[in-house]
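> One structure follows; several queries about it will come next.
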Amino acid sequence: MSNPKILITGGAGFIGSHVVRRFVRNYPNYSIYNLDKLTYAGNLMNLKDIEDEPNYTFIKADIVDDAHILELFQEHQFDGVVHLAAESHVDRSISNPTEFIRTNVLGTVNLLNAAKAIWAGSMEGKRFYHISTDEVYGSLGDTGFFTEETKYDPRSPYSASKASSDHLVRAYFHTFDLPVVLSNCSNNYGSFHFPEKLIPLAIHNIKTNKPIPVYGKGDNIRDWLFVEDHAAAIDLIFHKGRLGETYNIGGENEWKNIDLIHKLCEVMDDRLGRAAGTSAQLITFVKDRAGHDHRYAIDCSKLKAEFGWKPSVQFEEGLAKTVDWYLSNQVWLDGVTSGDYQKYYELQYEKR
Ligand code: NAD
Ligand code: DAU
């Protein structure tokens, strides 16, 4: 197919905006359609630099609206789908699980149904790529890794909704021969990350001299990947991934939350010209997240072996780049932390 039409859902969010940018720039012969509802997490400022490119179109739509989604597929006849749109924050899924079921489960089924309907004549060259998370595998002890064969054991409403959508994507492959591929990735970090998530929230609080809330004792462990490395893996899997397969993506970069926060405080002290140890004084241990998964760690050897992918950005370098991006994008940060963010922050943190 020489001029494919590719639908990217959730392209105004954190990871989606990096994927949209990469596809728009790397594939000038593709028509890239970014479909996004623009929830609190979606922001067209994330794509200012590419919004006028001739191969880019933005569509404001809600994946939960099945009739509208089908109309859009009929109108544009997409050849491929990269599905990232989701409610993505675990803490919000604890306060409002239903919204996660609507968007992550129903929304995914609506996209699957629309793709199935318009590709019914021929599935040749078509592809539905579902982006998922390592959280579907549950929580690890201090050893071991999640492989593609690890049994699903989701433990938060967020991960349960993502697990459910993964199962549905595989069901459409087996039952309807829909040409699908999936990937499950570990924690991302980098630019355009909404400051409800640990790293950007801590950067924002350190900068504004507010407490850095660390859940429990800070001994939970996450495997961090620079977001542009995730976008590179998504590009490879979209083009080369075998149909029906799942690929794990990870940073091979495990950090205990409290150690990560200390590292971040060091970088912030340096960048803000503060004496060593100043920012770390803001660290505040708060009530733990309900059902807090202890450890995530990905075995991404399948992806490495099949496509030669590996994380290219070392954590120290990625963290420094991320801090520098936030410090030089105050307008963006002000835009996303005004209004509703204040209400969210009070509700989430004032009683902890
Ligand atoms: P995000 O919250 O930053 O962005 C989600 C985007 O989806 C937003 O632009 C939002 O407006 C859009 N959206 C939400 N509901 C929608 C709806 N009903 N209709 C249309 N658009 C809607 O999320 P993210 O961190 O960029 O995550 C993107 C995807 O990657 C998600 O599927 C998530 O589960 C997965 N993932 C995220 C991470 C991570 O570390 N952030 C890691 C692994 C997998
Ligand atoms: O593993 C992939 C997942 O990573 C993605 O699927 C999710 O969409 C993404 O949000 C992320 O989930 P986490 O829950 O791991 O990310 P978060 O940034 O919310 O939290 C990271 C760790 O830091 C976790 O152990 C909880 C802790 N934390 C988080 C916040 C927001 C704190 O200690 N304090 C905080 O204020």
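The values are calculated or read from the model by the stated rules, or taken from the named source; none is laboratory data. Source: prediction; values computed, not measured. Note that each Cβ is placed from the backbone with ideal geometry, even for glycine, and that neighbours are counted across all protein chains shown. The accessibility values were calculated without ligands, DNA or RNA, using every heavy atom of the protein model including side chains. Shrake-Rupley method; radii C 1.70, N 1.55, O 1.52, S 1.80 Å.
> Give just the number: which of (1) within 15 Å of ligand 1 (Cβ to nearest atom); (2) in contact (Cβ under 8 Å) with a residue 24 or more places away in the chain does LEU201 not satisfy?
(2)
> Further question: Does the range 3-22 contain at least one residue that is at pLDDT below 95 and either within 23 Å of ALA114 (Cα to Cα) or among the aromatic types (Phe, Trp, Tyr) (or both)? Talk me through it step by step, then tell me what you get.
We begin by selecting, within the range 3-22, every residue at pLDDT below 95; these are 3.
So of that shortlist, the ones also either within 23 Å of ALA114 (Cα to Cα) or among the aromatic types (Phe, Trp, Tyr) (or both) come out as 3.
For the range 3-22, residues at pLDDT below 95 and either within 23 Å of ALA114 (Cα to Cα) or among the aromatic types (Phe, Trp, Tyr) (or both): present.
> Can you tell me which residues in the range 156-195 are open to solvent by less than 10 Å² (accessible area, probe 1.4 Å) and either without any contact (Cβ under 8 Å) to a residue 24 or more places away in the chain or over 24 Å from LYS256 (Cβ atoms) (or both)?
Listed by number, the residues that qualify are SER161, ALA163, SER165, ASP166, VAL169, LEU178, PRO179, VAL180, VAL181, LEU182, SER183.
> Mind checking whether some residue in the range 165-183 is aromatic (Phe, Trp, Tyr), at negative phi and touching a Leu at 6+ places or on another chain (Cβ under 6 Å)?
Taking the range 165-183 first, the residues aromatic (Phe, Trp, Tyr) are 172-173, 176.
Cutting the leftovers down to at negative phi gives us 172-173, 176.
Filter again for touching a Leu at 6+ places or on another chain (Cβ under 6 Å), leaving 172.
Scanning the range 165-183, I find at least one residue that is aromatic (Phe, Trp, Tyr), at negative phi and touching a Leu at 6+ places or on another chain (Cβ under 6 Å), so the answer is yes.
> Condition check: open to solvent by 30 Å² or more (accessible area, probe 1.4 Å), of a type outside the set (Gly, Ala, Ser) and within 23 Å of PRO154 (Cβ to Cβ). Does ARG22 satisfy that? It would help to see each step written out before you state the result.
On the way: open to solvent by 30 Å² or more (accessible area, probe 1.4 Å): yes; of a type outside the set (Gly, Ala, Ser): yes; within 23 Å of PRO154 (Cβ to Cβ): no.
It is false that ARG22 is open to solvent by 30 Å² or more (accessible area, probe 1.4 Å), of a type outside the set (Gly, Ala, Ser) and within 23 Å of PRO154 (Cβ to Cβ).
> So, of the residues in the range 103-134 that are among the polar types (S, T, N, Q) and over 17 Å from the mean Cα position of the chain (by Cα), which turns out to be surrounded by the most Cβ atoms within 10 Å (Cβ to Cβ)? Step through it out loud before you land on a result.
Let us first name the residues in the range 103-134 that are among the polar types (S, T, N, Q), namely 103-104, 108, 110, 113, 122, 132-133.
Cutting the leftovers down to over 17 Å from the mean Cα position of the chain (by Cα) gives us 110, 113, 122.
On the way: ASN110: 20, ASN113: 17, SER122: 7.
Among them, the one singled out is ASN110.
> Same structure, new question: Looking for whichever is open to solvent by 10 Å² or more (accessible area, probe 1.4 Å), among the basic types (Lys, Arg) and over 25 Å from LYS162 (Cα atoms) here; the options are LYS60, LYS5, LYS37. Which one fits? Steps first, please.
Numbers: LYS60 fails: over 25 Å from LYS162 (Cα atoms); LYS37 fails: over 25 Å from LYS162 (Cα atoms).
Just a single option satisfies the conditions, and that option is LYS5.
> How many residues are over 16 Å from GLU254 (Cβ atoms) and touching a helix residue (DSSP H, G or I) at 6+ places or on another chain (Cβ under 7 Å) when one looks only at the range 134-149?
2
> Could you tell me how many of the residues in the range 217-236 are away from ligand 1 (no atom under 13 Å from the Cβ) and either among the β-branched types (Val, Ile, Thr) or within 30 Å of ARG352 (Cβ to Cβ) (or both)?
5
> Are any residues in the range 204-219 among the charged types (D, E, K, R) and either buried (at least 18 other Cβ atoms within 10 Å of the Cβ) or over 24 Å from the mean Cα position of the chain (by Cα) (or both), and if so, which ones?
LYS207, LYS210, LYS217, listed by residue number.
> Residues that are away from ligand 2 (no atom under 16 Å from the Cβ), touching a residue at least 24 places away in the same chain (Cβ under 8 Å), part of a loop (DSSP other than H, G, I, E, B) and within 30 Å of ASP153 (Cα to Cα): does the range 315-331 have at least one?
Taking every residue of the range 315-331 in turn, none turns out to be away from ligand 2 (no atom under 16 Å from the Cβ), touching a residue at least 24 places away in the same chain (Cβ under 8 Å), part of a loop (DSSP other than H, G, I, E, B) and within 30 Å of ASP153 (Cα to Cα).
> Please verify whether the range 135-155 includes one or more residues that are at pLDDT 95 or above, open to solvent by less than 30 Å² (accessible area, probe 1.4 Å), assigned to a helix (DSSP H, G or I) and not hydrophobic (A, V, I, L, M, F, W, C).
Yes, some residue in the range 135-155 is at pLDDT 95 or above, open to solvent by less than 30 Å² (accessible area, probe 1.4 Å), assigned to a helix (DSSP H, G or I) and not hydrophobic (A, V, I, L, M, F, W, C).
> Of the residues that sit in the range 78-102 and are more than 15 Å from ligand 2 (Cβ to nearest atom) and within 25 Å of SER31 (Cα to Cα), which one is most open to solvent (accessible area, probe 1.4 Å)?
In this case the residue turns out to be ASP79.
> Only one of these is out of contact with any strand residue (DSSP E or B) (no Cβ under 6 Å at 6 or more places or on another chain) and near ligand 1 (Cβ under 10 Å from one of its atoms): GLY11, GLY107. Name it. Explain how you work it out, then say what you get.
Numbers: GLY11 fails: out of contact with any strand residue (DSSP E or B) (no Cβ under 6 Å at 6 or more places or on another chain).
Going through GLY11, GLY107 in turn, the sole match is GLY107.
> Sticking with this one: Tally time: how many residues in the range 264-293 are in contact with an Asp or Glu (Cβ under 9 Å, 6 or more places away or on another chain) and either of a type in the set (Lys, Arg) or open to solvent by less than 60 Å² (accessible area, probe 1.4 Å) (or both)?
Looking only at that region, the number is 8.
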